[in-house]
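What follows is a single structure, written as structure tokens, with notes after it.
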Amino acid sequence: HCPVRGRQQRPISESSNQAMSNVGSFGCEYAKRGTAGCKQCKQKIDKETLRLCKVAANPFSSEGGEMKMWYHAGCLFSTFERARATTRVVESLDDLDGAESLQDADKKLLQRLIDDLAEKRRNKAAGGARASPKKLVQTTLPVSPAGKASAGASAAASSAAASAAASTSPTRAPLSMAGPGDSPEDAAKDNAFRTFRKLVAEIADRPGYSDKTRVLAEFLAKGSTGGGFKGDLSLLIRLLLPGVERRVYNVKDRQLLKIFSGILGAPIDAMQELLNSNGDIAETVGIEFDKRGSGAAKSSLSMQEVDAFLDRLAGLSREDDQGAAFKQLAAKCTGNDLRMVLRLVRHDLRMNAGSKHILDAIDPNAYAAFQASRNLHDVLQRALAAKASPVKRNLSVRAALMTPVLPMLAEACRSVEHAMRRCPNGFYAEIKYDGERVQVHKQGQQFSYFSRSLKPVQPHKVAHLKEFIPRAFPGGDNLIVDAEVLLMDTKTDKPLPFGTLGVHKKEAFKDATVCLFVFDCLQFNNDNLMLRPLKERREVLERSMQEVKHRVHLSEAELIRSPAPLERLLKRVFNEGLEGLVLKSLDGVYEPGKRHWLKMKKDYLHDGAMADSADLVVLGGYYGTGSKGGQLSIFLMGCHDGEGTWRTVCKCANGFDDATVAKLQKSIDWVKYDRRSPPSWLRCSSGLLPDCLVRDPKASPVWEITGAEFSHSSQHTAGGVGIRFPRVTKVRDDKTWREATNLQRLQKLAAESKRFTGDAGGDGGDDDDEDDGEAAAAPPPKKAPAGRKLAKSAEASSSSPPKRQRLQLPDALKSARICFAAEVPPAERRELERLVFAYDGDVVDEAADATHLVRPDGAAAGDSAPGVAVGSVSWLRRCLAARRLLPVT
């Protein structure tokens, strides 16, 4: 595992006595940034995902204090199961600070975990004294002979258990298409995992999307025996769309390599090299599996068995438990079975068919209905009922309260003329607020808030809305509205820029309140408005909504029917530093997931002449996944600071086609990044360390990087400057590193940009209408896995420590974020920065972002941010010598 960097362990700014009173308590919230790691499984906790914390004493401060150790919900409760009877655990929701702000679904999940834990602890107390632990013995992988009665009985039992478990959930209940007179053997053939594999292979082989849909439609019409599909339709479609019901398995490629290296007895370095060359973990494991003759000779698995395994895997967080589960399943698998299971685990069947192409085979309106409700089981159930009904009618498209609707999106509009052509009958031009999109559901006194990605919104951003929405919609008992949430300055009545909604950023804006800007209504009481034209939906809002000043506002919109008013409005928006406009046709209906609105931003207009851009140098690269597996397809861009050091500015994954990316693998002189010997010329935070570096940055290409705006970045090292939504717009063959944008010029460009005020966290942000790109779809690993197949110079090879030392990497500072005071001499600072990075620490520019502030020896004590320990240069050197963080003195 990559070591957890300890960002979650930042000291809490309370006095020691008061802070220590909270040690041992528990809390819960939704992850704010997705950077903290789970203390148990060592995996990152995704942004906006529920996480639990245990408060512990802070060993890094001489003043005591406390720190929070974060866990996935299931991971924390798994530690409770192994705890002693006297150990403090979560016994009720009241034990969790912040539980009152959680969504109802998450409260139910936690209550179920609490109840299960209580039952297990009771059973353990009752039978623990009599039970004698069995010694675990490692055995070879058992092979189940095909066709034996025991194997069939086991499969039937597993299938029955899986079906029983599924039937307890309304969204997972089987939808059998077998009739009263159909034989169980026909249903078993259609439910066989081998049949599912053949169907996926046939869909993948068809190049056209309509052909892929036709393959599935014919299979449903004929089934395995020619008499029609008799299996579980709900399970079949869920497995064909593994990304829709996205179970979280807590295993990545590196963990899968380690698990199967142990199961198969294969060298992990050789498997890693094979993975680097083909970019497919399923194929890599399958090749080794076939080579060793492991597993079953003939496939006997059912779809129900595989689904039950996936459910079990989703509940496991310890690598040993995951390995045991895979080992048990692998005994029943053929090589092709195992390949398909791993593709299901990685949520990618590699058949180039999405939800639309699969659901179109069920019903022409099934995809639109699913986009509106995101309830796959309900859509399938209604589609079957419609087909069985003697009265032919179209499948209705409707939203469901408390279930998120896929938001309608906008495509880029690059000129006023294009806007007038697209909407000849007129349109509303709405201000594009630079906030975070939120979908609000109200059912009586219950509220739910969903982000653009359909995840729950962090509570601190919407906690106040429960009070003000009923006042804004006095006649709305049931409600679904589409809106933007952002901070509003109560003195100027102006919205504040992106990034200020962060729980810490809000503290810097004392005269601001969180405000909801409503721009669309999907349902009002029992009236579904999605199929009504925008003009009517807007009238419903204007008639039914009462603005609550600084809390709930109707978005500003202007009716446009000619070019001149649009040009005037654009000029005003850009002069005020607003993000842009969204243009919506007056007669347009609400189409979930469709990009039928238009957005006008300064980086789209006049071929990007109004956008923020800089000429940056390629410093490193990250390996992609999927179609770009085994290729460096995400690039680390930076600039020179004039003092011999290169600073990082952004990661860029957009702007090149596949052919160009393939050429860049050879045209740039790459060397593998070695964490044990970081280069002196690069200043890069540990969370952004690339897989590979350029051998010589002064010989590296210069690219023009254009983005929506300059942003403040606490991750990158160019004096806090980052670029939001970066893309390559031009290869500057006419420039060398000397003519590229340097640090001083970059900071000047950022200062001149009217929108350099928010904090996008580095390389992007939450632009609700941005096109999905490689960076969003496939984040690169933070450190290069072992065995990357890259040519290395003799000099680099000779300077590397021997291979046997890899397990002795220093991690003394893995939980520290160091900020150097300005008084530390530059030469000494550069030396110490290298050592901090080498010892797995981070260097930050702002003291408020640090755990420790380092000052020169003998410097007078000064003010520091709350919770930040202040140490001297000598203290830091003692920590490095001792290979651990010492108390500051």
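The values are calculated or read from the model by the stated rules, or taken from the named source; none is laboratory data. Predicted model only: the values in this text are computed from it and were never measured. Note that we place each Cβ from the backbone using ideal geometry, even for glycine, and neighbour counts take in every protein chain shown.
Listed here are the residues, each with its yes/no results for (1) in the same structural domain as K32 (by TED's automatic domain parsing); (2) modelled with pLDDT of 90 or more; (3) not polar (S, T, N, Q).
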| position | (1), (2), (3) |
| --- | --- |
| F468 | no, yes, yes |
| N478 | no, yes, no |
| E484 | no, yes, yes |
| P497 | no, no, yes |
| L516 | no, yes, yes |
| N526 | no, no, no |
| E539 | no, yes, yes |
| K549 | no, yes, yes |
| S555 | no, yes, no |
query = Counting just the residues of segment 806-828 that are closer than 22 Å to A848 by Cβ and either part of a strand (DSSP E or B) or in contact with a Cys (Cβ under 8 Å, 6 or more places away or on another chain) (or both), which one comes out modelled with the lowest pLDDT?
reply = L813
remark   = Screening G722, G707, G687 for residues that are small (G, A, S), surrounded by fewer than 17 Cβ atoms within 10 Å (Cβ to Cβ) and closer than 25 Å to T35 by Cβ leaves only G687
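Does segment 470-485 hold any residues that are touching a helix residue (DSSP H, G or I) at 6+ places or on another chain (Cβ under 7 Å), farther than 13 Å from S555 by Cβ and in a strand (DSSP E or B), and which are they? Break it down stepwise before answering.
Taking segment 470-485 as the starting set, the residues that turn out to be touching a helix residue (DSSP H, G or I) at 6+ places or on another chain (Cβ under 7 Å) are 473, 475-476, 485.
Filter once more, keeping what is farther than 13 Å from S555 by Cβ: 473, 475-476.
Hits for segment 470-485: nothing passes.
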inquiry  = Give me the residue from segment 287-330 that is under 30 Å from the mean Cα position of the chain (by Cα) and among the basic types (K, R) and, out of that set, surrounded by the most Cβ atoms within 10 Å (Cβ to Cβ).
reply    = K327
key: Looking only at segment 651-662, and only at residues there that are within 24 Å of C639 (Cβ to Cβ) and not β-branched (V, I, T), the one that is surrounded by the fewest Cβ atoms within 10 Å (Cβ to Cβ)   = N654
ask   = Hey, which of the strands (runs of 3 or more DSSP E) in segment 408-458, taking only ones fully inside, have at least 3 residues that are surrounded by 18 or more Cβ atoms within 10 Å (Cβ to Cβ)?
value = 427-432, 436-443, 446-450
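For segment 285-311, name all the residues that are assigned to a helix (DSSP H, G or I) and either outside the structural domain of R194 (by TED's automatic domain parsing) or hydroxyl-bearing (S, T, Y) (or both).
Listed by number, the list is empty, since nothing qualifies.
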task = Enumerate the helices (runs of 4 or more DSSP H) found wholly within segment 328-378, keeping only those where 1 or more residues are over 22 Å from L233 (Cβ atoms), at pLDDT 95 or above and touching a helix residue (DSSP H, G or I) at 6+ places or on another chain (Cβ under 9 Å).
result = 335-345
task = Please work out if L693 is surrounded by 15 or more Cβ atoms within 10 Å (Cβ to Cβ), part of a helix (DSSP H, G or I) and of a type in the set (A, V, I, L, M, F, W, C).
result = no
Set A282, A204: member being under 23 Å from C333 (Cα atoms), within 25 Å of the chain's Cα centre (by Cα), among the small types (G, A, S) and in a helix (DSSP H, G or I) = A282
message = Can you confirm whether E29 is buried (at least 18 other Cβ atoms within 10 Å of the Cβ) and modelled with pLDDT of 50 or more?
response = yes
ask   = What are the residues in segment 82-113 that are at pLDDT 85 or above, aliphatic (A, V, I, L, M) and more than 26 Å from L454 (Cα to Cα), if any?
value = V89, V90
task = Scan (1) assigned to a loop (DSSP other than H, G, I, E, B); (2) in contact (Cβ under 8 Å) with a residue 12 or more places away in the chain; (3) out of contact with any Asp or Glu (no Cβ under 6 Å at 6 or more places or on another chain) for the single condition R254 breaks and write down its number.
result = (1)
query = How many residues does segment 515-553 hold that are more than 33 Å from the chain's Cα centre (by Cα), surrounded by 15 or more Cβ atoms within 10 Å (Cβ to Cβ) and assigned to a loop (DSSP other than H, G, I, E, B)?
reply = 3
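So for segment 247-267 (the condition being over 27 Å from the mean Cα position of the chain (by Cα) and more than 29 Å from R312 (Cα to Cα)), does at least one residue qualify?
No, every residue in segment 247-267 fails to be over 27 Å from the mean Cα position of the chain (by Cα) and more than 29 Å from R312 (Cα to Cα).
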